[in-house]
Amino acid sequence: MFGNQYTQIMKNTEFTPKLITLLKEGITRKQLSKDVLAGVIVGIVALPLAIAFAIASGVSPEKGLITAVIAGITISVLSGSRVQIGGPTGAFIIIIYGIVQEHGIGGLTIATFMAGFIIIAMGLARLGNYLKFIPYPLIVGFTSGIALVIFSSQVKDFFGLQMNDVPVDFVDKWIAYGSHFQQINWISLVIAGGTVLIALNFNRISSKIPGSIIAILLSTLVVYFFELPVETIESKFGEIPNHISFPDFPEINFAIIKKLIQPAIVIALLGSIESLLSAVVADGMMGGRHRSNMELIAQGTANIFSGLFGGIPATGAIARTATNIKNGGRTPIAGIVHGVVLLLIMLLFAPVAKLIPLSCLAGILVVVAWHMGEWHHFFALLKSNWMDIIVLLTTFFLTVFFDLILAIEIGMILSSFIFMKRMSEATSIQNASNLFKSDDESSEMLFEQEIPEIPKGVLLYEINGPLFFGASQKFQEVITDLKQQPKILILRMRNVPFIDATGINRLKEICQQLNSKGTTIIISGANHDVKIELLKADLYNKLGKHNIQDNIGKAIERAKDILKNKEK
């Protein structure tokens, strides 16, 4: 009774934003003040990241701020998590950069817009419950690859190298760096190195104030007042707009959709995975439970609005969400406040933000890449099963040297084949009749207590595991290679959880082959779902409904009756 009520509640709230639920329950004044304070802190933390992610992605800095404001507020209002903080993240850098290089800013806007609708469709189809099953080695592989790509993209600004255009290809990029290292700007290097040291160690002084903000304030003041010769946001991009307006939305037609559908799907998949990972991490930190499918709808809607306002792709940000929780945020109010704080900064302090040195932002992104890589997990996986290592390294190297889209595609295909291999290995077909002929008293007599003596001329084969296309070949080989031609073959299928179309087809072929040689097939112990598939395949008529029995006892009794009739 209770279980049915709980299921009904879950169905009723599955597509309800957490904000609505919490407002109905009531938010205390004390918690509200904590959420506002957490939102202010997270907004300040998000400021340099939003600008840095935009610049690293090959777009102007205000696009990162627009995304953090529009998508951040939208995600918090609609989120299936109490504490999710959304906005631009490092995971999107290489995919955005590639789209901008090939299709321009207009192409990025359309791809972001399309990705939003794809994510919403995934949420409505309840795929949020299944995206959590993406293999861990694949996630670590492309995440570590992205981290290395982010680091390599910041070398120019980190060292202040005098270069015009940085090559897109990873190898070409480092060759170009090597030819320009004699032109290091030592002031840029000191600023970038100091930023890294402050960002990594300032928490020893204060856990409330982010080190990245201190680094930005110090470096901007020093560069401005001493007029140091380093590149700033203003010198490279000009003024940062202090307003948000609707962009001129590019024309969409079928030809453009065909070109952008692949990157849009990757944005959708990457955004969905990262947002759900962030929500899972948040649940673990505060003991909550998010609504996966509502979270996807929130992320999709946020990307649609981000595209409409000229922003870039957005998703749940693990580091900012963790910062929110650590500072007392427990409701979506904190995320809304974080977006409002960024909007106020953009409206009031854009003339100051343009003075930030690019080397400081490069230092912040190097720290982001370091944390994002999670190299201890990467090296730990290198000690695991060789099949997991193949997925890890393949995804990693494809991400670094080729393309994130290709890396995810090949990684998923590899993971699927490895899963099928493992599942087929888990399926066993053994001759259970031999268990009764063992003279070893220590051998395990699995069937002795439940099975009567098997008559002469009857073979009993036990199938354990799913009879799907990955295991069906093994099944056919074992059965067709019988050393003796029995009068009756009993296939015990009590431990077969499911059977697919390939398994059904192989079973049909075996039945036809053995029936032509005078062998009768009896199926024993198939569960309800397997029986439904047998019925659909017309095997009830081909085998005879009396030859499909519920348990092994009835199957052997049926075999005895058939033998008696044959003797007559």
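The values are calculated or read from the model by the stated rules, or taken from the named source; none is laboratory data. Just so we're clear, the structure is a prediction, and the values are computed from it rather than from any experiment. Cβ atoms come from the backbone with ideal geometry, glycine included; neighbour counts cover every protein chain shown. What goes into the accessible areas is simple: the full protein's heavy atoms, side chains included, and nothing from ligands, DNA or RNA. Shrake-Rupley method; radii C 1.70, N 1.55, O 1.52, S 1.80 Å.
What to note about this one:
- Here Q549, Q513, Q485 are screened, and the one residue that is in contact (Cβ under 8 Å) with a residue 12 or more places away in the chain, under 28 Å from E425 (Cβ atoms) and among the polar types (S, T, N, Q) is Q513.
- Cβ-Cβ contacts under 7 Å between residues 6 or more apart (or on different chains), taken from a first residue in the range 523-534 that is on the phi > 0 side of the Ramachandran plot and at pLDDT below 90 to a second residue that is crowded, with 21+ Cβ neighbours inside 10 Å and part of a loop (DSSP other than H, G, I, E, B), are absent.
Matching residues to (1) out of contact with any His (no Cβ under 7 Å at 6 or more places or on another chain); (2) surrounded by 13 or more Cβ atoms within 10 Å (Cβ to Cβ); (3) over 30 Å from F309 (Cα atoms):
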site	(1), (2), (3)
S212	yes, yes, no
S219	yes, yes, yes
V222	yes, yes, yes
L228	yes, yes, yes
T232	yes, yes, no
F237	yes, yes, no
P241	yes, yes, no
F246	yes, no, no
F249	yes, yes, no
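- The single condition from (1) exposed (fewer than 13 other Cβ atoms within 10 Å of the Cβ); (2) under 29 Å from Q101 (Cα atoms) that S207 fails is (2).
- Qualifying helices (runs of 4 or more DSSP H) (wholly inside the range 275-375; at least 1 residues being hydroxyl-bearing (S, T, Y)): 292-308, 318-326, 358-373
Residue-by-condition table, conditions (1) surrounded by fewer than 21 Cβ atoms within 10 Å (Cβ to Cβ); (2) at pLDDT 85 or above; (3) of a type outside the set (A, V, I, L, M, F, W, C):
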{"site": "S443", "(1), (2), (3)": "yes, no, yes"}
{"site": "N464", "(1), (2), (3)": "yes, yes, yes"}
{"site": "V478", "(1), (2), (3)": "yes, no, no"}
{"site": "R492", "(1), (2), (3)": "no, yes, yes"}
{"site": "G503", "(1), (2), (3)": "no, yes, yes"}
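- Of note, A71 satisfies the criterion of being open to solvent by less than 10 Å² (accessible area, probe 1.4 Å), over 15 Å from Y97 (Cβ atoms), assigned to a helix (DSSP H, G or I) and in contact with a Ser or Thr (Cβ under 6 Å, 6 or more places away or on another chain).
- Qualifying residue in the range 545-568 (condition: surrounded by fewer than 19 Cβ atoms within 10 Å (Cβ to Cβ), at pLDDT below 90 and touching a Leu at 6+ places or on another chain (Cβ under 8 Å)): no
- Residue count, the range 517-532 (criterion: buried (at least 19 other Cβ atoms within 10 Å of the Cβ) and under 43 Å from the mean Cα position of the chain (by Cα)): 5
- K34 farther than 16 Å from N242 by Cα, surrounded by fewer than 23 Cβ atoms within 10 Å (Cβ to Cβ) and either among the acidic types (D, E) or in contact (Cβ under 8 Å) with a residue 12 or more places away in the chain (or both): yes
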